[in-house]
Amino acid sequence: MVEKIIKRDGRVVDIDDLKIFNAVCLAVEDAKNNGVVVESSTDLAQDVTDNVINTLDAIFDEADIYPTVEQIQDLVVDELKELNPEVAKYYSEYRERRTKERLKTLL
């Protein structure tokens with residue numbers, strides 16, 4: 001079971017699956033605010049979170065190898081594309097905006 005992740009700054013921290021869940025919920029809310037019909041944000045977020053964690057466990061089964069934040073976000077996009085492509089679009093847009101914000105702080 002994956003217990004740690006590598007943050008963008010290189011730190012290794014405990015995985016927090018609630019962050020995945022909350023990020024998907026935010027994407028669902030964005031989608032809903034733009035007219036996309038989504039049955040249940042919590043059901044979708046839980047399905048995506050569970051699938052991502054299961055995939056991480058299958059890929060990163062060695063104790064000293066951890067996934068990066070980017071790898072986790074890529075898995076979230078893949079899961080959303082399977083389960084709800086419209087929400088995947090909003091998640092990807094949110095991810096892009098956050099990347100631009102991070103880059104601005106570095107300049």
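Can you compute the FRET efficiency between Lys104 and Arg11 using 1/(1 + (r/R0)^6), with r the Cβ-Cβ distance and R0 = 25 Å? Round to the nearest 0.05. My answer for the efficiency is 0.70.
When the chain is treated as a Gaussian network with alpha carbon springs shorter than 10 Å, the biggest mean-square fluctuation among Asp74, Asp14, Asp47 belongs to Asp14.
Which entries in Lys4/Lys81; Lys32/Lys81; Lys7/Lys100; Lys4/Lys89 show an alpha-carbon gap greater than 23 Å?
Lys4/Lys81; Lys4/Lys89
Between the residues Leu26, Thr99, Val2, the greatest Cα displacement towards the positive end of the dipole of the chain, with unit charges on the Cβ of Lys, Arg, Asp and Glu, is found for Thr99.
Apolar share of the accessible surface for the chain: 50 percent from carbon plus sulfur atoms, 1.4 Å probe.
Residues whose amide H comes within less than 5 Å of that of Thr68, counting only those at least five positions distant or on another chain, are Ile6 (H built at 1.01 Å from N in the peptide plane). Annotation for region 1-80: trypsin sites (Lys or Arg not before Pro) lying in DSSP loop with at most 14 further Cβ atoms inside 10 Å of their Cβ are Lys7, Arg8, Arg11.
To the nearest ten degrees, helix 85-106 and the longest principal axis of the Cα atoms of the chain are 60 degrees apart.
Rounded to two decimals, the Cα-based Rg/Rh of the chain, with Kirkwood Rh, is 0.99. The loop-placed GluC sites (Glu not before Pro) in region 18-91, going by DSSP, that have at most 16 neighbouring Cβ atoms within 10 Å of their Cβ come out as Glu39, Glu62. Stretching Ile59 away from Glu39 to a fully extended chain increases their span by 4.2 nm, per 0.36 nm per residue minus the current alpha-carbon distance.
Nothing charged except the Cβ atoms of Lys and Arg (+1) and of Asp and Glu (-1): what's the magnitude of the dipole of the chain about its Cα centre? Round to the nearest 20 debye. Could you put the intermediate results ahead of the total?
Details: 14 positive and 24 negative charges, 165 e Å.
Computed about the Cα centre, the dipole is about 800 debye.
The values are calculated or read from the model by the stated rules, or taken from the named source; none is laboratory data. Remember, it's a predicted structure, so these values are computed and weren't measured experimentally. Here Cβ is always computed from backbone atoms with ideal geometry, including for glycine, and neighbour counts include all displayed protein chains. The accessibility values were calculated without ligands, DNA or RNA, using every heavy atom of the protein model including side chains. Shrake-Rupley method; radii C 1.70, N 1.55, O 1.52, S 1.80 Å.
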